[in-house]
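A quick write-up on the structure given underneath.
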Amino acid sequence: KQEVTQIPAALSVPEGENLVLNCSFTDSAIYNLQWFRQDPGKGLTSLLLIQSSQREQTSGRLNASLDKSSGRSTLYIAASQPGDSATYLCASWWAAGNKLTFGGGTRVLVKP
Amino acid sequence: SQTIHQWPATLVQPVGSPLSLECTVEGTSNPNLYWYRQAAGRGLQLLFYSVGIGQISSEVPQNLSASRPQDRQFILSSKKLLLSDSGFYLCAWMVQGGTEAFFGQGTRLTVV
């Protein structure tokens with residue numbers, strides 16, 4: 001069964017500290033992996049998309065890595081700010097399927 | 001550019017009443033369309049997806065149904081709502097054969 005897991009479910013850090021968010025998946029034959037941000041009561045905003053042939057993607061302070069052999073992806077947010085407080089979700093797309101499978105998310109609080 | 005619209009943003013409905021949530025996509029043709037539900041404190045669960053007009057795939061047995069009457073319109077319905085139908089409903093689209101998903105702003109449904 002293809003599953004995606006995010007641990008921890010919640011994380012609190014002081015402003016300025018780097019954030020490291022983990023995502024693991026059970027089947028290494030993923031097609032891509034996508035990271036999203038969700039603010040309370042809002043929809044999902046796509047942050048980064050990593051194709052299966054890529055090792056990482058970067059956008060501003062965000063960097064996402066992908067290690068298919070270990071079944072892991074990591075989202076790094078440098079120099080966190082209170083505005084980074086949100087829930088971060090990762091989702092995997094497997095070639096044999098036709099859908100994104102989501103992890104449970106990590107709720108992040110950046111304290112001023 | 002492509003945009004996705006979902007409405008209404010919030011809805012409070014009594015048990016046993018019907019439901020109709022609408023999602024439309026602009027700026028693309030023949031997208032894959034998806035309905036997800038996010039229950040309180042839980043991850044996103046795929047409910048339905050569609051690869052074309054009139055083509056609906058259901059992921060889980062439930063009290064809901066979906067229809068795609070037009071290429072860029074996806075409707076989620078119920079004839080009689082249950083309390084357990086409460087949740088946050090998200091519509092998403094993806095280019096056919098594409099690799100990145102885009103989400104609407106969601107509908108908060110409370111069944112009372």
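One residue stands out in the stretch A:26-41 among those that are buried (at least 17 other Cβ atoms within 10 Å of the Cβ) and free of Cβ contacts under 8 Å to residues at least 60 places away in the same chain: the one that is nearest to the other protein chains (Cβ to nearest Cβ), namely A:F36.
Within the stretch A:12-19, is there a residue that is closer than 25 Å to B:G98 by Cα and surrounded by 14 or more Cβ atoms within 10 Å (Cβ to Cβ)?
Just the residues of the stretch A:12-19 that are closer than 25 Å to B:G98 by Cα, to begin with: none.
No; the residues of the stretch A:12-19 include none that is closer than 25 Å to B:G98 by Cα and surrounded by 14 or more Cβ atoms within 10 Å (Cβ to Cβ).
Note on the stretch B:35-78: residues that are basic (K, R), under 29 Å from A:R107 (Cα atoms) and not in a strand (DSSP E or B) total 1.
When the stretch B:10-64 is limited to residues that are polar (S, T, N, Q) and closer than 16 Å to B:T107 by Cα, the one that is most open to solvent (accessible area, probe 1.4 Å) turns out to be B:T10.
Only one of the numbered conditions (1) in contact with a helix residue (DSSP H, G or I) (Cβ under 8 Å, 6 or more places away or on another chain); (2) within 14 Å of chain A (Cβ to nearest Cβ); (3) not in a strand (DSSP E or B) is violated by B:L109, and that is (3).
Of all residues in the stretch B:54-83, those being over 18 Å from B:Q6 (Cα atoms) and of a type outside the set (S, T, N, Q) number 10. Within the stretch A:75-111, the set of residues being of a type in the set (A, V, I, L, M), within 11 Å of chain B (Cβ to nearest Cβ) and over 12 Å from the mean Cα position of the chain (by Cα) comprises A:A95, A:L100. Per the listing B:Q38, B:Q13, B:Q2, the residue uniquely in contact with a strand residue (DSSP E or B) (Cβ under 7 Å, 6 or more places away or on another chain) and within 9 Å of chain A (Cβ to nearest Cβ) is B:Q38. The residues of the stretch B:57-76 that are modelled with pLDDT under 95 and within 14 Å of chain A (Cβ to nearest Cβ), listed by number, are B:S57, B:S58, B:E59, B:V60.
The values are calculated or read from the model by the stated rules, or taken from the named source; none is laboratory data. What you are looking at is a predicted structure, and each value in this text was computed from that prediction instead of being measured. Cβ sites come from the backbone with ideal geometry, for glycine too, and all protein chains shown count toward neighbours. These area figures cover heavy atoms from the full protein model, side chains too; ligands, DNA and RNA do not enter into them. Shrake-Rupley method; radii C 1.70, N 1.55, O 1.52, S 1.80 Å.
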